[in-house]
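Remarks on the structure that follows.
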Amino acid sequence: MALVRRGALSRAVTIGVAGAMVTLSVVGAMRSTGASVAGRGLRAHLLSANRPGRTLRLYYTPPVLVRAGEQVAIPVDAVCATDEGDQCATEVGISARAGDEPWHSALATAAVNPRFDLTDLASRARPSGSVSFALQATDGAGAVIGLGTTRKDAGLRFYVVDRMPMVSMPAVPFGDVRRGQQVLALPWGSGPLQAGLELGNESDTVGPMSFDVDSEGRVYLLDSLQHRLALFDQGRLTGQLELPGVLFDIAVENDGSAFVLSRSEGSSLEVRRISPSGLISAAASLGEGVPGQIRVANGRAFANLLPLDAWAEVPRPGDGLGPAPAVHIGRPVDGGEEILRVARQDSVRLGTVSEDGRVTGAVELRSAANIGEVALAESDGAGGYWVAVHLWQEAPKAADQYQVVNVRGGEVLSSFAVPAQQFAAAPPQNRFRLVGDSLYQMVSSPEGLQIVRYQLGGAS
Amino acid sequence: MKRMLIVGAVACLVVGSVSTVGWASWVGTYCFTENASVSAITRNTARAYAEIAAREGYEWGGGCWNDNARDDTPNAPDSGGEGPDCSGLVFKSWYLKRTWGASGFHRWNKMQNIHGYYASDTFHAPTSDLPFHKLPNKYRSTTVFMDAFAKNGHVGLLDTSAYPSSGGDYVMEAKGDTVGTNIFIENYRSDSAYVAVRREGWATQACTGTCPKADVTEETIAVP
């Protein structure tokens, strides 16, 4: 039985007073060292100089896409630590509304891990089809941090749909994988024709963090250990650029420009644009956060901000994200739509948000095997999706692989499995790219790194 | 990109980065001894401790770290520099004792350079005499934040039971010299090389409602 707790704040907000949520950090973490503040634009909400430094971090599990009538709960987890590494108490709150209803709020007491039940609100989501929400955590010393705001374009949301057919992924035995065609192969080492490697020694084994492929099949490799972006055309190195910071992700635009997500020495995430002629722009700052993805759509770059778990347009070179930028829950794609994807405990849900905010093409993919992350989710150009889902099992023998699925109109059109071959770890969201009718995968072995290609359309 | 400038000198980083003499004594210069036995701690306490290591460096066999949100000894992973290695981070965050197999909790100041007796291989395959054990599976219904994911060669801490929409987990880990110690999205849960490991003896947090897991308090709050 749900335990209902409401504080005074809740009553005040139900009268219709919006804006109970202050404008807060979008990346969900900040560190204060007395009067010096690591976050951006948040001085009004942070500790005074007389109080010890604190680190406040806020996590949540986003619903993203739910079926009308089902229960919806958002687990929220606040982390508070003093500079000495002692725990500090927090209070966590949520403001939420269905459509254009007044905002409703709820508070969780300290020392609990709350799950905010929004089932009632979700039931009232039609005809808007969405529930907006914002999260906030405060510590006992007055520091405040939040994810999303009550401003319409800066709020988090999840979508409610009446129709979401359930489709089963064809079972592919573990090990029954397709091998792609090699597009690029680099041995480990240092030098222009090698891929940089940091062998794990009570640490992870790390190699190139990401790649992208342009419409002409040229591979842009983010060789993080060698601090470079390297361009390969039919396996031949045709150019390289040295880039600063720890390089995490890259997205290539149709005009030949590229955007690179990196972390600076001071731990701030930033994005640089590289022009077709190789000029590197000043960095656009995204603030602190967990490294996510960067992608391009409609000539603009968007970054997936974590743990906010939403997409924001990358600021202009030299600029920084404001404290509450406009965000998109789905990943913006060409044509003005957004792709929704959410990995749940036993399924993957997909949908497309049109420019008017309606969801079409919602589908739920289930698998008999355990579902890990969704490594790729793209439109197939005909109302369906291509996805690469990491599947795993522990018995009878531990195994994992990716299953590539084309689903459209409530039907699986094709599906095949590919190996999860990662001698050197790349971020889970950076291992696949879909370009035209080709799926590219970055894999690695003790011998080196490979980019392989799978021709789509003829899979069984 | 149609044309790219070719830069003559490309930084190359492979195994065995060259250490700089000036950094070789960072631990000797800044770290000190301070530790004490304590009563059992909660998972939140362990996480708060680990939080300070985020944005710091990495050091094999370490370690010792401050809280200035930077790697004070970059490109020097094996020379007494700043930061833990992956198993050292788990050792200190779990408040383990520096005696093989000892139960109980011990707090090590972040500035005390200590690694403990356990390497990632030990976390990956713990024996019954150790104060941590392998979980029966890696399902989300089984793991709790501050459990660890371990393989031969690397171990990281599950920073929260919440997870991003893409799937995967937020993992606090000493990932390596280039990327340092921080929180990253990882797929260790679905990677067959990894197992889930739980520290034993966590203190139970105050629970005034339904407590589905012994040492974690969860509460469902309806928003009308």
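Counting, for every residue in A:286-298, the Cβ atoms of other protein chains within 10 Å of its Cβ and taking the mean gives 2.
Label B:ASN35 and B:ASP129 with points 7 Å out from Cα along Cα→Cβ: what is the distance between them in nm? Output for this residue pair reads 1.9 nm.
Ellipsoid fit via the Cα gyration tensor, the protein assembly as shown: semi-axes of 33, 33, 25 Å, each the root of five times an eigenvalue, largest first. Give me the percent of Cα-Cα pairs in the range B:58-101 that sit more than 11 Å apart, rounded to a whole number. Pairs farther apart than 11 Å: 63 percent.
Computed 3J(HN,Hα) for the range A:115-128, one whole-Hz value per residue from the Karplus formula 6.51 cos²θ - 1.76 cosθ + 1.60 where θ = phi - 60°, is 10, 8, 8, 10, 4, 4, 4, 4, 5, 9, 5, 6, x, 5, glycine and proline marked x. Phi angles across the range A:63-72 convert, under the Karplus curve 6.51 cos²θ - 1.76 cosθ + 1.60 with θ = phi - 60°, into 3J(HN,Hα) values of x, 6, 9, 10, 8, 3, x, 8, 6, 10 Hz, Gly and Pro given as x.
Work out the FRET efficiency for A:ARG179 and A:ALA89 from their Cβ-Cβ distance, taking R0 = 56 Å, and round it to the nearest 0.05.
The calculated FRET efficiency here is 0.55.
The length gained on full extension between A:ARG124 and A:ARG358, counted as 0.36 nm times the residue separation minus their Cα-Cα distance, comes to 82.7 nm. Its Cα gyration tensor gives the range A:66-181 an equivalent ellipsoid, and the semi-axes of that ellipsoid, as √(5λ) in whole Å with the largest first, are 33, 25, 13. Here B:TRP94, B:TRP26 are placed in order of increasing Cβ neighbour count within 10 Å, fewest first, which gives B:TRP26, B:TRP94.
With runs of 4+ DSSP H residues as the only contributors, calculate the mean residue ellipticity of chain A at 222 nm using -39,500 (n - 2.57) per run, divided by the residue total and rounded to the nearest 500. So the calculated ellipticity at 222 nm is -500 deg cm²/dmol. In percent, rounded to a whole number, the relative contact order of the range A:256-341 is 21, using alpha-carbon pairs under 8 Å and six or more apart. Could you give the alpha-carbon Rg of the range A:308-376 over 2.2 N^0.38 Å, rounded to two decimals? Normalised Cα radius of gyration, the range A:308-376: 1.34. Normalised by the number of residues in chain A, what is the relative contact order in percent for Cα pairs under 8 Å and 6+ residues apart? Once divided by the residue count of chain A, the mean separation gives 14 percent. Using a cut-off of 11 Å between beta-carbons, work out the net charge of the residues near B:SER103 (Lys and Arg +1, Asp and Glu -1, B:SER103 not included). Charge balance in the 11 Å sphere: 0. For the protein assembly as shown, lysine pairs with C-alpha atoms less than 24 angstrom apart, excluding pairs fewer than eight positions apart on the same chain, total 21.
Both numbers refer to the Cα atoms of the range A:236-364; Rg and Dmax are 15.7, 46 Å.
Peptide B:57-67 has a mean shielding of 2, counted as Cβ atoms of other protein chains within 10 Å of each residue's Cβ.
With an 8 Å cut-off on Cα pairs and a minimum separation of 6 or more residues, tell me the relative contact order of the range B:85-224 in percent. In percent, rounded to a whole number, it is 21. Each 5 Å bin from zero up to the one holding the largest Cα-Cα distance in the range A:150-292 carries the following percent of pairs: 2, 8, 14, 16, 15, 13, 12, 10, 8, 3, 0, 0.
I need B:THR33, A:THR90, A:THR109 ordered by Cβ neighbour count within 10 Å, fewest first. Please report the intermediate quantities before stating the final value.
Numbers: B:THR33 10, A:THR90 26, A:THR109 18.
Fewest-to-most Cβ neighbours within 10 Å comes out as B:THR33, A:THR109, A:THR90.
Percent of alpha carbon pairs in the range A:116-228 separated by more than 23 Å? Beyond 23 Å sits 67 percent of the P(r) for the range A:116-228.
Packing, taken as the mean count of other beta carbons within 10 Å per residue, orders the peptides A:75-82, A:405-412, A:177-184 from highest to lowest as A:75-82, A:405-412, A:177-184. Of interest is the spacing of the C-alpha centroids, which for the range A:60-83 and the range B:103-124 amounts to 32 Å.
Among A:ASP212, A:ASP176, a tally of other beta-carbon atoms within 10 Å of each Cβ gives an order, fewest to most, of A:ASP176, A:ASP212.
Roughly how large, in nm² to one decimal, is the mean projection of the convex hull of the alpha-carbon atoms in the range A:373-460?
6.4
Packing-based ranking of B:160-170, A:298-308, A:413-423 yields B:160-170, A:298-308, A:413-423, ordered from highest to lowest mean Cβ neighbour count within 10 Å.
Equivalent-ellipsoid semi-axes for the range B:71-216 (Cα gyration tensor, √(5λ), whole Å, largest first): 24, 19, 15.
No lab work stands behind these numbers, since they all come straight from the coordinates. As the structure is a computational prediction, the values presented were derived from the model and not from experiment. Here the Cβ is made from the backbone with ideal geometry for all residues, glycine too, and neighbour counts use every protein chain on show.
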